[in-house]
């Protein structure tokens, strides 16, 4: 895999790990988050590895998502892969639905809006990757109502979109970690940071799977939800 144009929406520690790996493989990358200073720092550090740009924009409605896609095309010209990592986490329950609107916006609406506007500029063989949670579809956790249902809905939406886009040759897949360790560092031996069954996953483990899904070697994987949690969700 090399020479692809890739947009990373919602760049946190996972996005940093993924951008680094994609650049090492010769791809062109645009990273996005609402934090301009953080994005500047990443681009400054990573520019020695390849072509990377950033767009600082908060994604909070369909218009902002469309603007991100349009602005990215000024640099990329086309989009070969879209990776949506917009996050956020709110604890709530049916008695206190404080997180309902925010969780559905971040984990369902924003990914859908981005996909809607990105596919207009994607060719046969392109791919879309969403990030879910490995426990959402197999466990029922109290006080995580809005977060859980929005992630579960995202997985179902991804499968339907994958079916809808088969004729266009655009694949849609989901990676599903549990808790992502929030401290990426270039060059470390991340394999020493975890063991099978841990709730925490280094971002490198997840970026490895996303990179594979972007690669042509995964071209027959479509509509899949792939747990990346070392087996934690089996418990």
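What to note about this one:
- Residue match in segment 96-107 (condition: under 18 Å from residue 173 (Cα atoms), at pLDDT 95 or above and assigned to a helix (DSSP H, G or I)): yes
- Test: residue in segment 189-196 that is under 24 Å from residue 25 (Cα atoms) and part of a loop (DSSP other than H, G, I, E, B): yes
- Residue check for residue 213: buried (at least 21 other Cβ atoms within 10 Å of the Cβ) and assigned to a helix (DSSP H, G or I): yes
- Residue 88 falls short on exactly one of the conditions (1) outside any helix (DSSP H, G or I); (2) without any contact (Cβ under 8 Å) to a residue 40 or more places away in the chain; (3) out of contact with any strand residue (DSSP E or B) (no Cβ under 7 Å at 6 or more places or on another chain); (4) over 30 Å from residue 198 (Cβ atoms), and that condition is (4).
- Filter result (at pLDDT 95 or above, more than 25 Å from residue 23 (Cα to Cα) and touching a strand residue (DSSP E or B) at 6+ places or on another chain (Cβ under 8 Å)) within segment 195-223: 223
- Condition check for residue 175: within 30 Å of residue 48 (Cα to Cα), in contact with a strand residue (DSSP E or B) (Cβ under 7 Å, 6 or more places away or on another chain) and either surrounded by fewer than 19 Cβ atoms within 10 Å (Cβ to Cβ) or at pLDDT 95 or above (or both): yes
- Residue in segment 128-157 that is surrounded by the fewest Cβ atoms within 10 Å (Cβ to Cβ), counting only those that are more than 23 Å from residue 60 (Cα to Cα) and either touching a residue at least 60 places away in the same chain (Cβ under 8 Å) or out of contact with any helix residue (DSSP H, G or I) (no Cβ under 9 Å at 6 or more places or on another chain) (or both): 142
- Segment 71-85 - residue that is out of contact with any helix residue (DSSP H, G or I) (no Cβ under 7 Å at 6 or more places or on another chain) and in a loop (DSSP other than H, G, I, E, B) and, of those, farthest from residue 180 (Cα to Cα): 77
- When 206, 221 are checked against the criterion of being touching a helix residue (DSSP H, G or I) at 6+ places or on another chain (Cβ under 8 Å) and outside any loop (DSSP other than H, G, I, E, B), a single residue qualifies: 206.
- So residue 124, is it at pLDDT 95 or above, over 17 Å from residue 33 (Cβ atoms) and out of contact with any strand residue (DSSP E or B) (no Cβ under 9 Å at 6 or more places or on another chain): yes
- Residues that are without any contact (Cβ under 8 Å) to a residue 60 or more places away in the chain, buried (at least 20 other Cβ atoms within 10 Å of the Cβ) and in contact with a helix residue (DSSP H, G or I) (Cβ under 7 Å, 6 or more places away or on another chain) were ranked within segment 1-39; the one that is nearest to residue 210 (Cα to Cα) is 19.
- Residue 75 satisfies every condition listed in (1) modelled with pLDDT under 95; (2) closer than 18 Å to residue 185 by Cα except (2).
- Among the criteria (1) part of a loop (DSSP other than H, G, I, E, B); (2) surrounded by fewer than 21 Cβ atoms within 10 Å (Cβ to Cβ), the one residue 167 does not fulfil is (1).
The values are calculated or read from the model by the stated rules, or taken from the named source; none is laboratory data. In this text the structure is predicted, and so the values were computed from the model without any measurement. Counting neighbours? That spans all protein chains shown, and the Cβs are built from the backbone with ideal geometry, glycine included.
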